[in-house]
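The structure appears right after this line, and notes come after that.
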Amino acid sequence: MSDRVTAGTEGRRWLPLQVHLEGHDRHRWAGPLAAVGLTSGALLAALGLPPVDLHSPLHHAGVMDPLCGGTRGLHAAMLGDFGAAWRYNPLSLFLVLGAAGVLLREVVGRVRGRWLNLRVRHRRAAVATGVVLLVALEANQQAHADLLRSGPGSAPSAWLLLSITLPLAAAVVLLVLRLIRRAGRT
C-alpha cells in the first residue's frame, strides 16, 4: 500500500524525485549508514582532526577537488560551528544534517510503521542536477583554495586555477550528458 505525498505538487512533474509514504522501508541501508556516519563524526569531534595528510598531490599544487575541506568541515559541523563547516566544504554540512534527517526518518518509521521513501522519477534530470551541483561545489572549493591549503606553498592563485578547472569541469559535464543521451537511445 502506497500513499503518494502530493500536497502542493501540482505542476511539479519535472521534479526528478518523488516522495511516497509506504508500509515498508525501501531504503533499509540508509538508517544504519547514517548512524555509523554520525558516530564517526562524533568521534572526530571528540578526538580531533587526524594527524595524517589526506590530500592528493594536486592539492599541494593548488588544485582543490570537491571533497577538499570535508574532514575539517565535518569536524566543525559536529562541533556546531556551521559557518566554518560551510566555508571548508558546504557538502559537510549537508552530510551531517542529511544523516540527522535520515535517523529521524528511521525512528519515525519504526514507531509508526510508515516510511517516507524516495523514488527517482526522471533519471536524466537527477543526474544532470547532480552534475551541476558537483561543478558548483568544485568551483566553490577552488575559489576557497587559499583557505583549504594546509600550509604555505608557492602554488598559483586560486583564481588562476579556477580558470583552468571550470573549463575542465564543463567538459566533464558535456561528456556525462552525452553518455546519458547515448544510453537513452539503447
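The values are calculated or read from the model by the stated rules, or taken from the named source; none is laboratory data. Note that the structure is predicted; figures quoted are calculated from it, not measured. No Cβ is skipped: glycine too gets one built from the backbone with ideal geometry, and neighbour counts run over all protein chains shown. Remember, those area values only see protein heavy atoms, side chains included, never the ligands or the DNA or RNA. Shrake-Rupley method; radii C 1.70, N 1.55, O 1.52, S 1.80 Å.
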Subset of the stretch 13-33, residues assigned to a strand (DSSP E or B) and open to solvent by less than 40 Å² (accessible area, probe 1.4 Å), comes to Q18, H20, E22
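Is there a residue being over 19 Å from the mean Cα position of the chain (by Cα) and either open to solvent by 20 Å² or more (accessible area, probe 1.4 Å) or of a type in the set (G, A, S) (or both) anywhere in the stretch 126-137? If you could, list the steps in order and put the result at the bottom.
Of the stretch 126-137, the ones over 19 Å from the mean Cα position of the chain (by Cα) are none.
No, the stretch 126-137 has no match at all.
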Taking the stretch 67-78 and keeping residues surrounded by 21 or more Cβ atoms within 10 Å (Cβ to Cβ) and assigned to a loop (DSSP other than H, G, I, E, B) leaves C68, G69
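Give the stretch 53-66 a look and list any residue that's part of a loop (DSSP other than H, G, I, E, B) and buried (at least 17 other Cβ atoms within 10 Å of the Cβ), or say none.
Here is the first cut: in the stretch 53-66, the ones part of a loop (DSSP other than H, G, I, E, B) are 53-56, 61-66.
Across the stretch 53-66, the qualifying residues are G62, V63, M64, D65, P66.
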Within the stretch 107-125, the residues that are among the aliphatic types (A, V, I, L, M), open to solvent by 40 Å² or more (accessible area, probe 1.4 Å) and in contact (Cβ under 8 Å) with a residue 60 or more places away in the chain are L116, L118, V120
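Conditions (1) open to solvent by 40 Å² or more (accessible area, probe 1.4 Å); (2) in contact with a Leu (Cβ under 9 Å, 6 or more places away or on another chain), marked per residue:
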{"position": "G80", "(1), (2)": "yes, no"}
{"position": "Y88", "(1), (2)": "yes, yes"}
{"position": "L95", "(1), (2)": "yes, yes"}
{"position": "R105", "(1), (2)": "yes, yes"}
{"position": "Q141", "(1), (2)": "no, yes"}
{"position": "D146", "(1), (2)": "yes, no"}
